[in-house]
1. Within the range 5-14, is even one residue at pLDDT 90 or above, over 9 Å from the mean Cα position of the chain (by Cα) and either exposed (fewer than 14 other Cβ atoms within 10 Å of the Cβ) or not basic (Lys, Arg) (or both)?
2. Among residues belonging to the range 62-75 that are closer than 15 Å to Val35 by Cβ and assigned to a helix (DSSP H, G or I), point out the one that is nearest to the chain's Cα centre (by Cα).
3. Failed condition for Ala32, given (1) modelled with pLDDT of 95 or more; (2) of a type outside the set (D, E, K, R); (3) assigned to a helix (DSSP H, G or I), with all others met?
4. Tell me which residues, restricted to the range 15-29, are in a helix (DSSP H, G or I) and either free of Cβ contacts under 8 Å to residues at least 40 places away in the same chain or out of contact with any Lys or Arg (no Cβ under 8 Å at 6 or more places or on another chain) (or both).
5. Do we have Val95 as modelled with pLDDT under 90 and assigned to a strand (DSSP E or B) here?
6. Given the criterion closer than 15 Å to Arg71 by Cβ and not small (Gly, Ala, Ser), identify the matching residue among Val35, Val17.
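The values are calculated or read from the model by the stated rules, or taken from the named source; none is laboratory data. Only a predicted model underlies this, so the values are computations on that prediction, with no experimental measurement involved. Counting neighbours? That spans all protein chains shown, and the Cβs are built from the backbone with ideal geometry, glycine included.
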Amino acid sequence: MDLLLDSHAALWWADNVALLSSDAAEAISDPANDVWASAASAWEMAIKTAQGKLAVDVRVLFHRLADRGIRVRGIGVEVDLWSWAVVNDSQTPNVRRS
C-alpha cells in the first residue's frame, strides 16, 4: 500500500515515534508498504522554522526519514526544486512575518 505522511506524521516518525498511534507506527514500519513524505512538508517545516514556530533542522529531519526508508514525493517542479534545495543545502525561505 502507498502511504503519504502528513507533516506531523513525518516529523514524529523522524523524531518521536511515541507520538504516533500504534496503528500508524505499524503501517509506516510495514515493509510491504511504500511510505512517502511530501516535498510540501519540507517547505512547510522550513517556513515554520523561519517564523520561529518550529525548531527543527529540515535537512537533518529529511535525511533521517530517508535513512528510515521514507521517500519524498514531489508535487510540482517549483516546489520540488525548492524543497530539494532546503533538504540538501539547508536553505530556508525568506518569509515575512505578518
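1. First, pick out the residues of the range 5-14 that are at pLDDT 90 or above: 5-14.
Applying the additional criterion that residues be over 9 Å from the mean Cα position of the chain (by Cα) yields 12-13.
If we keep only those that are either exposed (fewer than 14 other Cβ atoms within 10 Å of the Cβ) or not basic (Lys, Arg) (or both) too, we end up with 12-13.
For the range 5-14, residues at pLDDT 90 or above, over 9 Å from the mean Cα position of the chain (by Cα) and either exposed (fewer than 14 other Cβ atoms within 10 Å of the Cβ) or not basic (Lys, Arg) (or both): present.
2. Out of the qualifying residues, it is Phe62.
3. Unmet for Ala32, out of (1) modelled with pLDDT of 95 or more; (2) of a type outside the set (D, E, K, R); (3) assigned to a helix (DSSP H, G or I): (3).
4. First pass over the range 15-29, keeping only residues in a helix (DSSP H, G or I): 15, 17-19, 22-29.
Val17, Ala18, Leu19, Ser22, Asp23, Ala24, Ala25, Glu26, Ala27, Ile28, Ser29, listed by residue number.
5. Details: modelled with pLDDT under 90: yes; assigned to a strand (DSSP E or B): no.
Considered against the rule, which asks whether it is modelled with pLDDT under 90 and assigned to a strand (DSSP E or B), Val95 comes out as no.
6. Numbers: Val17 fails: closer than 15 Å to Arg71 by Cβ.
From the options Val35, Val17, the qualifying one is Val35.
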